[in-house]
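Each remark here refers to the structure printed beneath this line.
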Amino acid sequence: MNIGFYYVYISTWSFYVSLPGLIVEETHHVRRKSTVATEQSKTLAGLQLAIQMETDGKMYYQKAAEISSNQLGKQLFQSLAVAEDIHRQEFEEIYSAICSKKGWIKADYQPSGDRKLRTLFSRAVKEIGTNIKALPSELDAVKRAIDMEIKNYEFYKSRSQATTYDVEREFYEAVTAEERGHHLILLDYQEYL
């Protein structure tokens, strides 16, 4: 989708030349990019990138769950795929609202997936124990997932700092916190392996 800039006429000046029997009027408009339109373009571009990142994350975690050699890894990666899909849905809803001229909607997004992931992890450690041998492919998958979560965290943190709108900042801060939680649980899993 190509996002263009909207121009707002912020200044108009005219001059008249009057000769006997002839009046000439010229009007000149000065066009400048609207700050609102530029801000909206940045917001939409950021949302498009976030949607793509969350879609890619979901697909990655689904594949990682398939190759995982243990039940804990499968459950952890499947749970992360679900969390990424929830993020994607939230971003798409906000994107659609902005495109429909409704503006940034107040998302009732409350990150709670980390508690669920931590509970899953601690329960599995108690049930399975610590005698797990991980395949190199699983260790590699965890390292890549950690890198992906760091990048997502940094992107959302930068978006929360760059915005001038409180509702947008609050949403990005909530998603940033959840991405940080994903990162930490993956570090725990990496250490567990």
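What do you reckon, is Leu193 open to solvent by 60 Å² or more (accessible area, probe 1.4 Å), closer than 21 Å to Pro136 by Cα and not hydroxyl-bearing (Ser, Thr, Tyr)? The answer is no for Leu193. Flag: Leu135 matches the condition of being at pLDDT below 85 and open to solvent by 80 Å² or more (accessible area, probe 1.4 Å). Only residues that are surrounded by fewer than 17 Cβ atoms within 10 Å (Cβ to Cβ), in contact (Cβ under 8 Å) with a residue 60 or more places away in the chain and not hydrophobic (A, V, I, L, M, F, W, C) were counted in the stretch 64-81, giving 1. Here Ser41 fulfils each of the conditions (1) surrounded by 15 or more Cβ atoms within 10 Å (Cβ to Cβ); (2) under 19 Å from Leu187 (Cα atoms) apart from (2).
Residues in the stretch 94-113 that are surrounded by 14 or more Cβ atoms within 10 Å (Cβ to Cβ) and either modelled with pLDDT of 90 or more or touching a strand residue (DSSP E or B) at 6+ places or on another chain (Cβ under 9 Å) (or both): Ile94, Tyr95.
Give the residue, chosen from Lys151, Lys116, that is closer than 30 Å to Leu47 by Cβ and at pLDDT below 90.
Details: Lys151 fails: at pLDDT below 90.
Answer to the check: Lys116.
The values are calculated or read from the model by the stated rules, or taken from the named source; none is laboratory data. Because the structure is a prediction, the values reported are computed rather than measured. Glycine gets a Cβ as well: all are built from the backbone with ideal geometry, and neighbour counts include every protein chain shown. Side chains are part of the model used for accessible areas, which takes the heavy atoms of the whole protein and leaves out ligands, DNA and RNA. Shrake-Rupley method; radii C 1.70, N 1.55, O 1.52, S 1.80 Å.
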